[in-house]
Structures are given as C-alpha cells and as structure tokens.
Amino acid sequence: METLYFLGTFCLVLFMILATYDGFYLHIFKYKLFNRKDSLFEHKIHALRAMLFPVIVWLLFIENNEVSLVIGAVIVIIDLVVLALDAYSEADSRAFMGGLPKWEYIIHLFANAFHFASIILIIGTKLTVSENKILMNTQLTDSLGRDIFSFVAVNIIPGAIILALIHVLLLFPPGKDTWNRLRKKIVCC
C-alpha cells in the first residue's frame, strides 16, 4: 500500500508540473488560445477539465468514503469524455500554427498518463478485492506515504482552483481584456 502512495504522489506532482506548463504557459500565456475563434472550443474544454480537477482531487484523494469514491469515479469518467473532445478538437484549433507541435503532443500524452495513473493508484489504496467482492477500505492506516500524498493533494487544490478560475475568466470579454492588457506588459517568454 505504501508503494501506491509514493507512486501516486510522484505521478500527481509530475502531472501538476506538466499541466501547469501546458495549460497555463503554452495555452494561455504563449499561444493565447482564448483569443482565437478557432481555438475557443479547445479553451472551453480546458476550462471544464480545469474545473473538474480540484473536484477529483477532493473526492478521490482527500475524502475517504464510499459516496465520494463513487461520485469521484463518475467525474473521472466525465473527465475522460471531455479529454476525448479535447483531443478531437485540437487539429482544427491549432490550424493557425500548422497543427499541434509534436513536442506539445508528447507533453499532453505524459500529463494525461500521470493524471490518470495517480487516480488509479489512489483508487487502488481504497479498494480491496476479497472473495469475489470489492470492498472499500474506510479505515486507512497512517503511514509516511499516505501523509505525503495527503499533504500534496491538499496543497495543490488552491493552485488548481486558481488555474480553473483563470480559464473561466478568460471566457468573458472583461477577463480577456484585463489579461491581454496585463500580458502586454510582460515582454519575455
């Protein structure tokens, strides 16, 4: 069980690094996908996934009860459907730049692999298969791995919420105008 927590933490941290680089730096800061008509659908999809992520973290990584597990699993399935829509829309969305660069495609693959791996690993800590039954472990024992994972999960929620709010604000003209005005003041990157 301890190994699952350490691996889950590793995957979660790598996902957050890649997702922040891709979702904030590339999509919002560099390419400004929210400003492009042909990329607006992709931005809306990213906003939806950004809103789903902190909910998934709360329900699956922090809470430990059957209701949270079931609702969290349903939200993960919704996230998979939204991910499929995202992948489907990217060819049209990135036509302005000759398509999605291969290196960014690789970032997407790894980010999503780490995202879903962390989910599967932590679900693995919550379930036990016994005599053809799947039971939920409601009494999790304290361990260093679990403590580290819980610490990371709790502490990524504020940043995940901020990133989701930025995505949502950029869907509306006042948010776009404010961001574009502030972005013009930064001349690097």
*Only one of Arg181, Arg94 is in contact with a Leu (Cβ under 7 Å, 6 or more places away or on another chain) and either exposed (fewer than 13 other Cβ atoms within 10 Å of the Cβ) or not hydrophobic (A, V, I, L, M, F, W, C) (or both); which?*
Arg94
*Among the residues of the range 97-113, write down those that are aliphatic (A, V, I, L, M) and surrounded by 14 or more Cβ atoms within 10 Å (Cβ to Cβ).*
Leu100, Ile107, Ala111, Ala113
*Go over the candidates Ile157, Ile148 one by one and state the one that is closer than 18 Å to Leu14 by Cα, in contact (Cβ under 8 Å) with a residue 60 or more places away in the chain, assigned to a helix (DSSP H, G or I) and over 17 Å from the mean Cα position of the chain (by Cα).*
Ile148
*Six or more apart or on different chains, Cβ under 8 Å: which pairs go from a residue in the range 41-66 that's under 26 Å from Tyr88 (Cβ atoms) to one that's among the polar types (S, T, N, Q) and in a helix (DSSP H, G or I)? Could you list them?*
Phe41/Ser89; Phe41/Ser93; Glu42/Ser89; Glu42/Ser93; Ile45/Ser89; Leu60/Ser68
*Can you tell me which residues in the range 99-144 are assigned to a helix (DSSP H, G or I), closer than 24 Å to Thr20 by Cβ and of a type outside the set (A, V, I, L, M)?*
Lys102, Trp103, Glu104, Tyr105, His108, Phe110, Asn112, Phe114, His115, Phe116, Ser118
_Residue match in the range 158-178 (condition: surrounded by fewer than 11 Cβ atoms within 10 Å (Cβ to Cβ) and either touching a helix residue (DSSP H, G or I) at 6+ places or on another chain (Cβ under 6 Å) or among the β-branched types (Val, Ile, Thr) (or both))_ = no
*Across the range 18-30, which residue is nearest to Leu163 (Cα to Cα) among those that are touching a residue at least 24 places away in the same chain (Cβ under 8 Å) and buried (at least 19 other Cβ atoms within 10 Å of the Cβ)?*
Gly23
*Taking the residues in the range 91-111 that are under 17 Å from the mean Cα position of the chain (by Cα) and not aromatic (Phe, Trp, Tyr) as candidates, determine which candidate is nearest to Leu26 (Cα to Cα).*
Glu104
_The listed residue being among the polar types (S, T, N, Q) and within 28 Å of Leu169 (Cβ to Cβ), out of Ser130, Ser93_ = Ser93
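The numbers here are math on the coordinates, done by the rules we state, and not lab data. Fair warning: this is a prediction, and the values are worked out from it, not measured in the lab. All Cβ positions, glycine included, derive from the backbone under ideal geometry; neighbour counts span all protein chains shown.
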